[in-house]
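Asker: I'd like to ask some things about the structure below.
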Amino acid sequence: MTQLIWLTIALPILGLLINGLFGRRFLGNRVVSIIAPLMVLLAFLVGVGAFFETMGRDGEAVTVHLWNWTTIGDFSVPINLLVDPLSLTMVLVVTGVGFLIHVYATDYMVHRDDHGHAHDDRDFPRFFTFLNLFIASMLVLVLGDNYLMMYVGWELVGVSSYLLIGYWFDRPSEEQTPIDLGPDTEPVQLQPLLSPAASGMKAFIVNRIGDVGFALGVFLIWSTFGTLQFDEVFAEAVHVSETMPTVIPWITALLFVGAIGKSAQLPLYVWLPDAMAGPTPVSALIHAATMVTAGVYMIVRSNILYSLAPNVSLWIAIIGMATAFFAATIALVQVDLKRVLAYSTVSQLGYMFAAVGVGAYTAGMFHLVTHAFFKALLFLGAGSVMHALHDVIDIRRMGGLKDKMKITWITFWIGGLALAGFPLMSGFFSKDEILAHVFEASPILWFFGILTAGMTAFYTFRAIFIAFHGKPRDHHLYEHAHENRAPITFALSVLAVLAIFGGLLGLPAFMGFTHYLDGWLEHVLYELPHGAEEHHMSVTMEYILMGTSAVIAVGGIALAYFFYMVQPSIPQNIARSLRSLFALLAHKYWIDELYDTLFVQPGLKLSNAFANGLDKLIIDETFIDGSAKLVGRFGKLLSKLENGYTSNYALATFIGVLIMISYFFLR
Amino acid sequence: MILSLLILIPITGAILIAFVPREQENVVKWLALGTTAVALVVSLPLYFGFVDNASGYQFEEFRPWIPPLNIAYHVGIDGLSLFLILLTTFLTLISVLSSWTAITDGLKGYMALMLLLEAAVIGVFVSLDLFLFYLFWEASLIPMALLIGKWGGSRRVYAAVKFIIYTMAGSTLMLVGALVLYVNGGTSDLPTLVNNLELSQNLQIILFFAFALAFSVKVPLFPLHTWLPTAHVEAPTAGSIMLAGVLLKMGTYSYLRFAIPLFPDALAYWSPLLVTLAIVGILYGALVALVQDDVKKLVAYSSVAHMGFIVLGTFSGGQQGMSGAVLQMINHGLSTGMLFFLIGVLYEQRHTRLFSEYGGLWVKVPVFGTYFLLAVFSSVGLPGLNGFVGEFVILLGTFKVNPIAAALGTFGIVLAAWYLLTATRKMMMGPFNEANKNLKDMNLRESGIAFALIALCFVIGFFPNLLFDKINPATVELAEIIKATALLAGQ
């Protein structure tokens, strides 16, 4: 299976070709919804096969050569696939979670009337074409054995994301209902939501800004190492860092700029919340479980480079933790269930960067994997609610849904507990491992991390209590709500199991367990020759930190319970008394408006000035046409030959040429 | 013989068309199509018979032309010109097909001019004699100007006159330069001049200017570009395809074929300026494209930006940049040609190119929408498609030599995404504009054209070495020249 790893990419491509070319006209939605998930399932099985083979080889990497892509002089890049523990971890997450989400989408993307009859949706094949395209692109990103292929995948997942966010491209932008803060208080107005088409475009362009950094990083790697192959670069890295000490910090910083864009970190996170305009399976797959973690993967892949650039790494940890904290504060007050989850994703990605920033690569990957499980679960749960409520996603119109949608309710609770870091859930172990490593590096960063953890537990359960518990707020919606069909509940159930038990991959070693992921990823993590001596903290300290995490998680949940189940007037009172702070959070710190004023509007102004002023008036009319007119007037004085016929101009030129030729022969 | 045939076939076709009675429109069309198809088929052996990794010219022909003056009919190709010829034969066929129903009056003259244009452009790409080259260079202007001037939009005469005067003015100095070379070298044969002529650096600097001015107008390089949007907006669809697809490439190709090997010592002097103008063009073209309200004008300005990448690669990228530049000439021909073709499909039905007249078209014309999106992706430089490879190697090569230029150029790809996706959003997405309720999706002919174009884009995107293996031997020699002069300049 290892040699056939290219099938994991080829199968989804086959699926997208079949569905894209024939789906609409010949196959029909039913066939399309078999082919698309089937291709991803087959890819997953190939991945599983390769996984066991690699286990059998004790994690040794294998490179599969496909063809030589670009060769110019001393620049040469092959299309090679790298099968090693790191890429396989990603392959399994992408195809595994991807398969479940494909299955889920086969029902979610079907719109039914109240009698359960499906609408004949002509766009259905397009959705699965793009979804398969995403799987193939993401696999190129993680399987490539060089930085160019990583960049190729990096761009391709961006396109898939663009296409899928804008899937409902003809929908307009939406006004949001203002937040009511009780009687005799002015409600807090909210900004309108971008249209899907505008959101997709925003995502693509913000990502491309990051990609400039990534591309420059790749160029710098090539001009330094003369190669883009991972193994050759990593083998030379220590030597290069000794001879050219500034280069590797530059490379790592530039590549990280790409990660800031792709993985939605400060200050380029702004596209991710708007990406929620896409269909919910897309949010789950691309904007939670897989694509947005590409930056984390990139850093873990390049771990030796980042280990050789400790200052850059420290900044990554700081940016990661700042993002985690910042996004969590926004999530506290969001009224759109998907946006709560979106900011939570930004925040959790921040944790992952904090981890890899302090050199805890395994912990970062661990959280990447568990997060893929529980955040995909939460998004799919939110989608299940949306599907039942005819696309309503505002939690202020929900309430009491637990009686109507048992499976969605229970699985959402499981996802919520895992996200909140409730003891023994998958998210508990991975988050705790990150926080322990961060504490070792910097207790201040840890403090922000634990604060964020508390907010996470609170906002997650705020949403759960408002949406699923209490009394229904919109009776019409409530009456029509119902549990969804098997494809949806199946995906939710499997992911719920993974969200509970995913922690088994990395049980804490200090408690005497085997940390499987540690052993598995060992082969891709480089050790520095004169690395700093590892000083482990005491087991007592580990227990204290873990205990704190547990208490904080439970405390956040309890506070949400108290606020939204016991004394619902409290949060409104707080919002009223801290109105300006509340408005600041509700408006996401006005960051979108700030960027618009600082970059977009000046860009457009400059464009207009260039187009209408410089280009039209100065260059064209004044200089070009002006000089032509000058010549024209001069010509009129000389003769009346000028009559606007091209042939006469040609004649004039011909005569002129003759004169010049004769000059050269006669001089 | 193939190269001469490629010049003669279209001319023969044009002559035959001249004898067809005016009313026999179908005969004219099929004759034109047949001629371009034959030319395309005849050009294919150039690819399959081309010897990889060999230096020097192939398919060479040498016949004395004006023996007392030492002027010869000397043609031949190498990696620089091979794909431009294939692009020309391919795009001419596409142009004829795309005019199938669009041109209703004066079809005879139109098709004949299209064929003459093909002959002239191929002549430019195969000439290895300065005067032969100059002859074809100027000859290519006339059919193009007439195509714009007769079959163009409302300001067609202004656009045609501007086009012809501007480019002729640009190339006047080139003729003077060619004469100086001829007088000094005693021949107008390019290989002989390159190998034997020893000119002082100052003379090289002056002559480089004389040649590069003509080429830069053609490219067009900022700030010599304002004829291009005017010409594109007025030109008929096929005219735009040929103009953007192959005529602009005459400029960038000629830098590589003439300016660099003839005047290597002038490079150190002129390269910084050309690189700066290329960068300005990349950013400026993109910014101006962003606020256009006419989609054809937007694509025209995007050409200014894209051609900037080619100039950048030519003058600052070493061998990677040059090979990338040659590839990017082909890529730009395919992707921009396709965009112009698609805009023409809409224009034929709606007679407008204003964004405000469109919106939400993807719902109504899904096949068209998909091809449009793919063409945009190719133009934006997305991997899997052709544009990515070209831009990547150009910037990669540039980075090694001049990181600042590469960084600015890389920023250009953000702007490219901005204006092209804005165009896509305005036309294809958003609420459906009811003015288009009678719009029909592409017919078999149209989707066939689009499929052929995009298929080539994918092939190049996946297997660029199919081209690079043939391009590299030519660029490696040029890169040696530049490296040698850079060393000299450094001493």
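Asker: Applying the selection to the range A:180-219, what residues are open to solvent by 30 Å² or more (accessible area, probe 1.4 Å) and either within 14 Å of chain B (Cβ to nearest Cβ) or modelled with pLDDT of 95 or more (or both)?
Answerer: A:Leu194, A:Lys202, A:Ile209
Asker: Determine, yes or no, whether A:Asp114 is of a type in the set (Asp, Glu), outside any helix (DSSP H, G or I) and either buried (at least 22 other Cβ atoms within 10 Å of the Cβ) or away from chain B (no Cβ under 14 Å) (or both). I'd like the intermediate steps shown before the answer.
Answerer: Numbers: of a type in the set (Asp, Glu): yes; outside any helix (DSSP H, G or I): yes; either buried (at least 22 other Cβ atoms within 10 Å of the Cβ) or away from chain B (no Cβ under 14 Å) (or both): yes.
Yes.
Asker: What pairs come out if I take residues in the range A:428-456 that are over 23 Å from A:Leu498 (Cα atoms) and pair them with residues that are open to solvent by 30 Å² or more (accessible area, probe 1.4 Å) and charged (D, E, K, R) whose C-beta lies under 8 Å away, six or more apart or interchain?
Answerer: A:Ala436/A:Glu542
Asker: Inspect all residues belonging to the range B:247-264 and state whether any of them is touching a residue at least 60 places away in the same chain (Cβ under 8 Å), among the charged types (D, E, K, R) and closer than 19 Å to B:Leu181 by Cβ.
Answerer: Checked against the condition, which is being touching a residue at least 60 places away in the same chain (Cβ under 8 Å), among the charged types (D, E, K, R) and closer than 19 Å to B:Leu181 by Cβ, the range B:247-264 yields at least one hit.
Asker: Return the only residue of A:Thr95, A:Thr63, A:Thr71 being buried (at least 19 other Cβ atoms within 10 Å of the Cβ) and either under 30 Å from A:Leu525 (Cα atoms) or among the β-branched types (Val, Ile, Thr) (or both).
Answerer: A:Thr95
Asker: Which of the residues belonging to the range A:131-157 are more than 20 Å from A:Gly15 (Cβ to Cβ) and not aliphatic (A, V, I, L, M)?
Answerer: Answer for the range A:131-157, where residues must be more than 20 Å from A:Gly15 (Cβ to Cβ) and not aliphatic (A, V, I, L, M): A:Gly144, A:Asp145, A:Asn146, A:Tyr147, A:Tyr151, A:Trp154, A:Glu155.
Asker: Follow-up. Of these, A:Gly96, A:Gly59, A:Gly47, which one is in contact with a helix residue (DSSP H, G or I) (Cβ under 9 Å, 6 or more places away or on another chain) and at positive phi?
Answerer: Unique residue meeting the criteria: A:Gly59.
Asker: OK, next. Which residues, counting only those in the range B:16-68, are among the aliphatic types (A, V, I, L, M), free of Cβ contacts under 8 Å to residues at least 12 places away in the same chain and over 19 Å from B:Thr88 (Cβ atoms)?
Answerer: B:Val27, B:Val51, B:Ile66
Asker: Taking into account only those residues within the range A:1-49 that are more than 17 Å from A:Met109 (Cα to Cα) and among the small types (Gly, Ala, Ser), which is most open to solvent (accessible area, probe 1.4 Å)?
Answerer: Among those that are more than 17 Å from A:Met109 (Cα to Cα) and among the small types (Gly, Ala, Ser), it is A:Ala10.
Asker: So which of A:Phe582, A:Phe623, A:Phe562 ends up being of a type in the set (Phe, Trp, Tyr) and within 12 Å of another protein chain (Cβ to nearest Cβ)?
Answerer: A:Phe623
Asker: Quick one: which of B:Ile413, B:Ile460 is under 27 Å from B:Met322 (Cβ atoms), more than 8 Å from chain A (Cβ to nearest Cβ) and surrounded by 19 or more Cβ atoms within 10 Å (Cβ to Cβ)?
Answerer: Just one listed residue meets the conditions, B:Ile460.
Asker: Moving on. Among the candidates A:His523, A:His515, A:His476, single out the residue that is over 33 Å from the mean Cα position of the chain (by Cα) and either crowded, with 17+ Cβ neighbours inside 10 Å or not aliphatic (A, V, I, L, M) (or both).
Answerer: Of A:His523, A:His515, A:His476, the one residue that is over 33 Å from the mean Cα position of the chain (by Cα) and either crowded, with 17+ Cβ neighbours inside 10 Å or not aliphatic (A, V, I, L, M) (or both) is A:His476.
Asker: Grab the helices (runs of 4 or more DSSP H) fully contained in the range A:502-613, keeping just those with 3 or more residues being within 30 Å of B:Ser302 (Cβ to Cβ).
Answerer: Per the criteria, A:591-595, A:601-608.
Asker: Let me ask something additional. Residues being more than 14 Å from chain A (Cβ to nearest Cβ), among the aliphatic types (A, V, I, L, M) and crowded, with 24+ Cβ neighbours inside 10 Å: count how many of those fall in the range B:121-150. Before the answer, list the steps.
Answerer: We begin by selecting, within the range B:121-150, every residue more than 14 Å from chain A (Cβ to nearest Cβ); these are B:121-129, B:132-133, B:136.
With among the aliphatic types (A, V, I, L, M) added as a condition, the list becomes B:121-122, B:124, B:126, B:128, B:132.
So of that shortlist, the ones also crowded, with 24+ Cβ neighbours inside 10 Å come out as B:121-122, B:124, B:126, B:128.
Count: 5.
Asker: Let me confirm something: among A:Met405, A:Met398, A:Met352, which residue is under 22 Å from the mean Cα position of the chain (by Cα) and either open to solvent by less than 10 Å² (accessible area, probe 1.4 Å) or on the phi > 0 side of the Ramachandran plot (or both)?
Answerer: Numbers: A:Met405 fails: under 22 Å from the mean Cα position of the chain (by Cα); A:Met398 fails: under 22 Å from the mean Cα position of the chain (by Cα).
Only one candidate qualifies: A:Met352.
Asker: Sticking with this one: Can you give me the number of residues within the range A:163-179 that are open to solvent by less than 30 Å² (accessible area, probe 1.4 Å), touching a strand residue (DSSP E or B) at 6+ places or on another chain (Cβ under 7 Å) and part of a loop (DSSP other than H, G, I, E, B)?
Answerer: Of the residues in that region, 0 qualify.
Asker: Can you confirm whether B:Gly239 is part of a helix (DSSP H, G or I), within 22 Å of B:Ser98 (Cα to Cα), open to solvent by less than 10 Å² (accessible area, probe 1.4 Å) and more than 13 Å from chain A (Cβ to nearest Cβ)?
Answerer: So B:Gly239 fits the description; yes.
Asker: Moving to a separate point now. Suppose we filter the range B:288-343 for residues that are within 14 Å of another protein chain (Cβ to nearest Cβ) and among the aliphatic types (A, V, I, L, M); how many remain?
Answerer: 13
Asker: Inspect all residues belonging to the range B:483-490 and state whether any of them is within 14 Å of chain A (Cβ to nearest Cβ), part of a helix (DSSP H, G or I) and surrounded by 14 or more Cβ atoms within 10 Å (Cβ to Cβ). Even if it seems obvious, please write down each step before you answer.
Answerer: Taking the range B:483-490 as the starting set, the residues that turn out to be within 14 Å of chain A (Cβ to nearest Cβ) are B:483.
If we keep only those that are part of a helix (DSSP H, G or I) as well, we get B:483.
Restricting the remaining residues to those that are surrounded by 14 or more Cβ atoms within 10 Å (Cβ to Cβ) gives none.
So far as the range B:483-490 goes, no, none of its residues is within 14 Å of chain A (Cβ to nearest Cβ), part of a helix (DSSP H, G or I) and surrounded by 14 or more Cβ atoms within 10 Å (Cβ to Cβ).
Asker: Still on this structure: Among the residues of the range A:22-68, write down those that are in contact (Cβ under 8 Å) with a residue 24 or more places away in the chain and in a strand (DSSP E or B).
Answerer: A:Val62, A:Thr63, A:Val64, A:Leu66
Asker: Further question on the same structure: Tell me which residues, restricted to the range B:416-431, are at the interface with chain A (Cβ under 9 Å from one of its Cβ atoms) and within 21 Å of B:Leu374 (Cβ to Cβ).
Answerer: B:Ala416, B:Ala417, B:Trp418, B:Tyr419, B:Leu421, B:Thr422, B:Thr424, B:Arg425, B:Met428, B:Met429, B:Gly430
Asker: I'd like the full set of residues that are over 18 Å from the mean Cα position of the chain (by Cα) and open to solvent by less than 10 Å² (accessible area, probe 1.4 Å), limited to the range B:286-299.
Answerer: Of everything in the range B:286-299, those that are over 18 Å from the mean Cα position of the chain (by Cα) and open to solvent by less than 10 Å² (accessible area, probe 1.4 Å) turn out to be B:Ala286, B:Val288, B:Ala289, B:Val295.
Asker: Test B:Gly170 against the stated conditions and say whether it is in a helix (DSSP H, G or I) and facing chain A (nearest Cβ under 8 Å).
Answerer: So B:Gly170 does not fit the description; no.
Asker: What are the residues in the range A:221-258 that are touching a helix residue (DSSP H, G or I) at 6+ places or on another chain (Cβ under 7 Å) and of a type in the set (Asp, Glu), if any?
Answerer: Those that are touching a helix residue (DSSP H, G or I) at 6+ places or on another chain (Cβ under 7 Å) and of a type in the set (Asp, Glu): A:Glu232, A:Glu236.
Asker: Please go through the range B:52-86 and pick out each residue that is open to solvent by 10 Å² or more (accessible area, probe 1.4 Å), among the polar types (S, T, N, Q) and within 23 Å of the chain's Cα centre (by Cα).
Answerer: Within the range B:52-86, B:Gln58 is the sole residue that qualifies.
Asker: Only one of B:Ser302, B:Ser271 is open to solvent by less than 10 Å² (accessible area, probe 1.4 Å) and in contact (Cβ under 8 Å) with a residue 12 or more places away in the chain; which? Lay out the reasoning, then the answer.
Answerer: Details: B:Ser271 fails: open to solvent by less than 10 Å² (accessible area, probe 1.4 Å).
Among B:Ser302, B:Ser271, only B:Ser302 is open to solvent by less than 10 Å² (accessible area, probe 1.4 Å) and in contact (Cβ under 8 Å) with a residue 12 or more places away in the chain.
Asker: Need at least 2 residues that are under 27 Å from the mean Cα position of the chain (by Cα) per element, so show me which helices (runs of 4 or more DSSP H) inside the range B:347-450 make the cut, counting only ones lying wholly within it.
Answerer: Output list reads B:366-380, B:386-401, B:403-428.
Asker: Here is a further query. Say whether the condition of being buried (at least 17 other Cβ atoms within 10 Å of the Cβ) and under 30 Å from A:Trp168 (Cα atoms) is met by at least one residue in the range B:387-398.
Answerer: Yes, because at least one residue in the range B:387-398 is buried (at least 17 other Cβ atoms within 10 Å of the Cβ) and under 30 Å from A:Trp168 (Cα atoms).
The values are calculated or read from the model by the stated rules, or taken from the named source; none is laboratory data. Since we're looking at a predicted model, the values are computed, not measured. Note that we place each Cβ from the backbone using ideal geometry, even for glycine, and neighbour counts take in every protein chain shown. These accessible areas exclude ligands, DNA and RNA; they are computed on the full protein's heavy atoms, side chains included. Shrake-Rupley method; radii C 1.70, N 1.55, O 1.52, S 1.80 Å.
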